[in-house]
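Chemist: Provided herewith is a single structure, encoded as structure tokens, for subsequent inquiry.
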Amino acid sequence: MNLHEYQAKQLFKHYRIPIPAGAVAATTDAAADACIQLGGSRWVVKAQIHAGGRGKAGGVVLADSMTEVVDTAQRLLDSRLITHQSGAEGLPVTQLLIEQPTAIASECYLSLLVNRAAEQFLFMASSAGGMDIEAVAATTPEQILLVPVHSAVGVQPYQVRRIGFGLGLNDVQMKQLALLMHRLYQLATECDASLVEINPLVINEAGDLIALDAKLTLDDNALYRHPDLELLRDSSQEDEREAVARAHELNYISLHGNIGCMVNGAGLAMATMDLVKLHGGAPANFLDVGGGATAARVTEAFKLILSDSKVTAVLVNIFGGIVRCDLIAEGIMQAVREVAVQVPIVVRLEGTNAALGLQMLAESGLALITASSLSDAANRVVAAAQRNNTTEAAA
Ligand code: GDP
Ligand code: MN
């Protein structure tokens, strides 16, 4: 789960990581109030969306007057901001962060993330801050410092020095960096964050380190330990179908292809996507209906898959282990009747009561394509999707 910049900065404040003074506004009036509350004569207006690249997209504006703040708020609020990270449709802007401007001497990059392969936290730092760190990593990887942290000992002084020297800091800044790195590490471990990113971490004109931007990703699997943080979820920033899936306890991830997949078990879902690919197709989603799939959940899963307009064929691949295939067949039939399915559906059932399930589907009078094996199913669904594409093009 991702947090907004202003939410991450509230956590930074709690952990005494230096940030600019700021206030959140959801209306133009509140934006004007924020200016008065913050004081001064210039402000930074920052659109709050779950994507970076806002600066280049007009979502971060240095305003020289309150009128400009209000005009900017007027333009940004209730719009969708498209950045290189937001996807083509952009993300809705419902809140702004108004900040006192920082006079920047230089911009660096600092993040702390979980390195899954090494099972450790890893600091990443670069003096090439402010810009797209992926581009820095791709073109000049030597400009990125990597410092792993061992969980048994935490952040060590030599690690602070390595990063501090890499960033060209002086003695005073080195002390600030030590505190910053310890506090970031404490925040990440206590909140179960998988990523805390400060880009840019700036040195202001007084020579002090300040977190000008903040990105924070929480580990979904640990959210149950943080009910207070879970309240910070902003569903408007998330894939709509993924939010619906979560409400029905379905494990759904939106992808870019056109073959909808409904599978029970995450491993089988991965294998199914692989086979679809192998046979020349592209999955529209990952969907694990779970071990305890019921007719009702299968119906919900179908609705979810079919709400994606990219889907031109559906592959149902169910292994009846705990769940019985006849129950699944019932769910499929119910769903197809309820949802008025317009696309071809290929079904492969295996395991407990598979024969009964297939017989029920065959006798249902519904236009379902049954398959005898996983490869056969993948072949059939790819062919069906292609046929459906051609008919749509012809129509
Ligand atoms: P992002 O583009 O979504 O990553 O948004 P950021 O918060 O990183 O802001 C983008 C850029 O705007 C930063 O790299 C800075 O160069 C600039 N910026 C943001 N806040 C300030 C500020 O207070 N003062 C100045 N001078 N520039 C700022
Ligand atoms: Mn940034």
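Chemist: Which of (1) surrounded by 14 or more Cβ atoms within 10 Å (Cβ to Cβ); (2) touching a helix residue (DSSP H, G or I) at 6+ places or on another chain (Cβ under 9 Å) is the odd one out, the single condition G207 does not satisfy?
Modeler: Condition not satisfied by G207: (1).
Chemist: Every residue in segment 49-76 that is open to solvent by 20 Å² or more (accessible area, probe 1.4 Å) and away from ligand 2 (no atom under 16 Å from the Cβ), please.
Modeler: Residues satisfying the conditions are D64, S65, M66, T67, E68, V70, D71, Q74, R75.
Chemist: Turning to a different aspect of this structure: Here are some residues: K303, K310. Which one is of a type in the set (K, R), open to solvent by 40 Å² or more (accessible area, probe 1.4 Å), outside any helix (DSSP H, G or I) and modelled with pLDDT of 85 or more?
Modeler: K310
Chemist: Checking the condition away from ligand 2 (no atom under 14 Å from the Cβ) and over 21 Å from the mean Cα position of the chain (by Cα), which residue from I104, I98 passes? Can you show your working first?
Modeler: Values: I104 fails: away from ligand 2 (no atom under 14 Å from the Cβ).
From the options I104, I98, the qualifying one is I98.
Chemist: Evaluate the following for L81: is it farther than 17 Å from A21 by Cα, among the aliphatic types (A, V, I, L, M) and within 16 Å of ligand 2 (Cβ to nearest atom)?
Modeler: yes
Chemist: Still on this model: Are any residues in segment 328-355 among the hydrophobic types (A, V, I, L, M, F, W, C) and in contact with a Ser or Thr (Cβ under 7 Å, 6 or more places away or on another chain), and if so, which ones?
Modeler: As a first pass, look at segment 328-355 and keep what is among the hydrophobic types (A, V, I, L, M, F, W, C): 328-329, 332-333, 335-336, 339-341, 343, 345-347, 349, 354-355.
M333, A335, V343, V347, listed by residue number.
Chemist: In addition: Pull out all pairs, ordered by first then second residue, where Cβ-Cβ is under 6 Å, the residues are six or more apart or on different chains, the first lies in segment 134-158 and is free of Cβ contacts under 8 Å to residues at least 60 places away in the same chain, and the second is among the charged types (D, E, K, R).
Modeler: Correct list of pairs: V147/R162.
Chemist: Next question, about the same structure. What number of residues in segment 256-299 are within 14 Å of V314 (Cβ to Cβ) and of a type outside the set (S, T, N, Q)?
Modeler: Residues flagged as within 14 Å of V314 (Cβ to Cβ) and of a type outside the set (S, T, N, Q) within segment 256-299 amount to 17.
Chemist: Does I210 meet the test of being touching a Pro at 6+ places or on another chain (Cβ under 7 Å), under 20 Å from G130 (Cα atoms) and modelled with pLDDT of 95 or more?
Modeler: Taking the combined requirement at face value, the residue satisfies it.
Chemist: In the set E190, E197, which member is at pLDDT 95 or above, open to solvent by 20 Å² or more (accessible area, probe 1.4 Å) and in contact with an Asp or Glu (Cβ under 9 Å, 6 or more places away or on another chain)? Before the answer, list the steps.
Modeler: On the way: E190 fails: in contact with an Asp or Glu (Cβ under 9 Å, 6 or more places away or on another chain).
Result: E197 is the single residue among E190, E197 that is at pLDDT 95 or above, open to solvent by 20 Å² or more (accessible area, probe 1.4 Å) and in contact with an Asp or Glu (Cβ under 9 Å, 6 or more places away or on another chain).
Chemist: Same structure, new question: Is there a residue in segment 338-360 that is surrounded by 14 or more Cβ atoms within 10 Å (Cβ to Cβ) and charged (D, E, K, R)?
Modeler: Yes, that holds for at least one residue.
Chemist: Pairs only if they're at least six apart or on different chains, beta carbon under 6 angstrom, first in segment 239-267 and under 18 Å from G292 (Cα atoms), second assigned to a strand (DSSP E or B) and among the β-branched types (V, I, T); list them, first residue then second.
Modeler: Listed by first residue and then by second, the contacts come to M262/V316; N264/I318.
The values are calculated or read from the model by the stated rules, or taken from the named source; none is laboratory data. Not measured: the values here are computed from a predicted model. For neighbour counting, all protein chains shown are included, and Cβ atoms are generated from backbone atoms with ideal geometry for every residue, glycine included. Side chains are part of the model used for accessible areas, which takes the heavy atoms of the whole protein and leaves out ligands, DNA and RNA. Shrake-Rupley method; radii C 1.70, N 1.55, O 1.52, S 1.80 Å.
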